[in-house]
Amino acid sequence: MEIFKDPALFQKRMLELKRAGKSIAIVPTMGYLHDGHASLIDNARPRADVLVVSIFVNPTQFGPTEDLQSYPRDFNRDCTICANHGTDIIFAPDAELMYAPDRSVWVEETCLSRGLCGKDRPTHFRGVTTVVAKLFLLSQADIAVFGQKDAQQALVIRRMVRDLNFPIEIVISPLIRDTDGVAMSSRNTYLSAAERERARILNQSLTAATAALRAGEPVEAVQQKTLSAITERADRVDYVAFLDSETLEPANAATGEILIALAAVFGHTRLIDNTLVRRPE
Ligand code: PAF
């Protein structure tokens, strides 16, 4: 497995591979890899000749009061996981090499990124789209795999690829849960045992809401019940949203597939979760 820290050397190597006719897949991550990331890597592995995993805690997607400094990191463990899942190349750049001190160009999506997490984290998605665009250009990838766990991020990246004509296929991999139902996330490590127990309400209420929608209950009533259940167990609820899964407009009786998206805080940890529901015709 090759490891690159310098973006220029990484891009040079990727261009060599491209010119040699190799297809390339990338799994962008911020490291501290868990089974959710491993499932993305496994999904990407058979899709290309060369599999790249990027590991970069991207400073531009963190707000000034967010956990950039304390974000969990374990590079050696990440390397072992990547090697065990068939990764060919790790790209783990230094932040100073990724961003020039006088940088002045951003890639920004201005519609899908505004609601949900974009409301509480107004500069977050601009940081994500900028770094992902850089990773696509540096890696020369033909395919990139992201997780459905970050449903809004997936839609924003798809929109960026469509609107800027990136020659890359975006694959969205299913959300992976721990045995207690909590969606896998590097930030779960911040939860105490008691907070984690309370955090199970996210998956429990997604399951209940899915059943209620499939049974034909109206969206507004199900949304209200979901909000009450989560409010009882969380320290703060940021959103309980029932949206059209493509446009992120509020779901209504005519909406085909509904995205139920949740964000809530347990202790000091903000967790997100979601599911997709297709109602019976
Ligand atoms: O989903 C993540 O881990 C990050 O937002 C990403 C896509 C790697 C960009 O930094």
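The values are calculated or read from the model by the stated rules, or taken from the named source; none is laboratory data. Computed from a predicted structure; not experimentally measured. Neighbour counts are summed over all protein chains in view; Cβ atoms, including those assigned to glycine, are modelled from backbone coordinates with ideal geometry. Just so you know, the surface numbers come from the protein's heavy atoms only, side chains and all, with ligands and any DNA or RNA stripped out. Shrake-Rupley method; radii C 1.70, N 1.55, O 1.52, S 1.80 Å.
Some observations on this one:
- Residue tally, condition in a loop (DSSP other than H, G, I, E, B) and touching a Pro at 6+ places or on another chain (Cβ under 8 Å), over the range 95-121: 1
- Verdict on G127 being in contact (Cβ under 8 Å) with a residue 12 or more places away in the chain, in a loop (DSSP other than H, G, I, E, B) and surrounded by fewer than 21 Cβ atoms within 10 Å (Cβ to Cβ): no
- The residues of the range 231-261 that are in contact with a Leu (Cβ under 7 Å, 6 or more places away or on another chain) and of a type in the set (S, T, Y), listed by number, are Y239, S245.
- Residues in the range 111-140 that are aliphatic (A, V, I, L, M), within 16 Å of the chain's Cα centre (by Cα) and more than 10 Å from the ligand (Cβ to nearest atom): L112, L116, A133.
- Out of P72, P64, P46, one residue alone is more than 15 Å from P93 (Cβ to Cβ), part of a loop (DSSP other than H, G, I, E, B) and free of Cβ contacts under 8 Å to residues at least 60 places away in the same chain. It is P64.
- Considered as a group, the residues in the range 51-110 that are among the basic types (K, R) and over 20 Å from the mean Cα position of the chain (by Cα) include one that is surrounded by the most Cβ atoms within 10 Å (Cβ to Cβ), and that residue is R77.
This table checks each residue for (1) under 22 Å from L259 (Cβ atoms); (2) among the aliphatic types (A, V, I, L, M).
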{"residue": "A141", "(1), (2)": "no, yes"}
{"residue": "D150", "(1), (2)": "yes, no"}
{"residue": "A154", "(1), (2)": "yes, yes"}
{"residue": "R162", "(1), (2)": "yes, no"}
{"residue": "F166", "(1), (2)": "no, no"}
{"residue": "I172", "(1), (2)": "yes, yes"}
{"residue": "A193", "(1), (2)": "no, yes"}
{"residue": "G216", "(1), (2)": "yes, no"}
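- Those residues of the range 144-202 which are within 17 Å of L40 (Cβ to Cβ), open to solvent by 50 Å² or more (accessible area, probe 1.4 Å) and hydroxyl-bearing (S, T, Y), in sequence order: none
- Among (1) away from the ligand (no atom under 14 Å from the Cβ); (2) surrounded by fewer than 20 Cβ atoms within 10 Å (Cβ to Cβ); (3) not basic (K, R), the one test that F10 misses: (2)
- For the range 177-189, a tally of residues being within 16 Å of the ligand (Cβ to nearest atom) and either touching a strand residue (DSSP E or B) at 6+ places or on another chain (Cβ under 8 Å) or within 15 Å of T275 (Cβ to Cβ) (or both) returns 5.
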